[in-house]
Amino acid sequence: MTREQVIEKLKVVEHPEISLSLIELSIILDVAVDGNTVKLALAFPKVKVPQEVINAIVSSCSVALKDSGLELQTMLFEMTPEVQEKFFKLARANWKGSI
């Protein structure tokens, strides 16, 4: 599976508390395919995101890729201030509640 095919599968994955995709929210920072492994770089607006939110996001990405036979590896990063600003604006406008 190519990087572009993986991105297409991930485009439908929504944030558990915001009615937008992880790609629209700039949470999916980068995608790399290395053999049978998808390396997914995830960016969060702050360092101490609740673990249940991280788990829900990683689980949703795994579900989106489960029929591909690929293993998922994740790396976590903090968003830049500019991306944080965009994220919080979108989050306020599309909030759907807690998980």
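The values are calculated or read from the model by the stated rules, or taken from the named source; none is laboratory data. Quick caveat, the model's predicted, so the values are computed rather than measured. Here the Cβ positions follow ideal geometry from the backbone for every residue, glycine too, while neighbour counts run over all protein chains shown.
Considering only the range 67-81, I want to know if a residue exists there that is of a type outside the set (D, E) and under 18 Å from K96 (Cα atoms). Taking every residue of the range 67-81 in turn, none turns out to be of a type outside the set (D, E) and under 18 Å from K96 (Cα atoms). Taken together, the residues in the range 31-87 that are outside any helix (DSSP H, G or I), in contact (Cβ under 8 Å) with a residue 40 or more places away in the chain and over 13 Å from M1 (Cα atoms) amount to 4.
Scanning the range 18-59 for residues that are out of contact with any helix residue (DSSP H, G or I) (no Cβ under 6 Å at 6 or more places or on another chain), farther than 18 Å from Q73 by Cα and of a type in the set (A, V, I, L, M) yields a count of 2.
Out of E71, E82, E78, E24, one residue alone is among the acidic types (D, E) and crowded, with 17+ Cβ neighbours inside 10 Å. It is E24. Of all residues in the range 7-28, those that are at positive phi have Cβ atoms under 9 Å from Cβ atoms of residues that are modelled with pLDDT of 95 or more and not basic (K, R), 6 or more apart or on another chain, in S26/A43; S26/M79; S26/V83; S26/F87; S26/L90. For I23, the conditions (1) outside any loop (DSSP other than H, G, I, E, B); (2) β-branched (V, I, T); (3) closer than 17 Å to L10 by Cβ all hold with the exception of (1). Within the range 53-70, one or more residues are at pLDDT below 95, farther than 26 Å from D34 by Cβ and either hydrophobic (A, V, I, L, M, F, W, C) or within 16 Å of the chain's Cα centre (by Cα) (or both).
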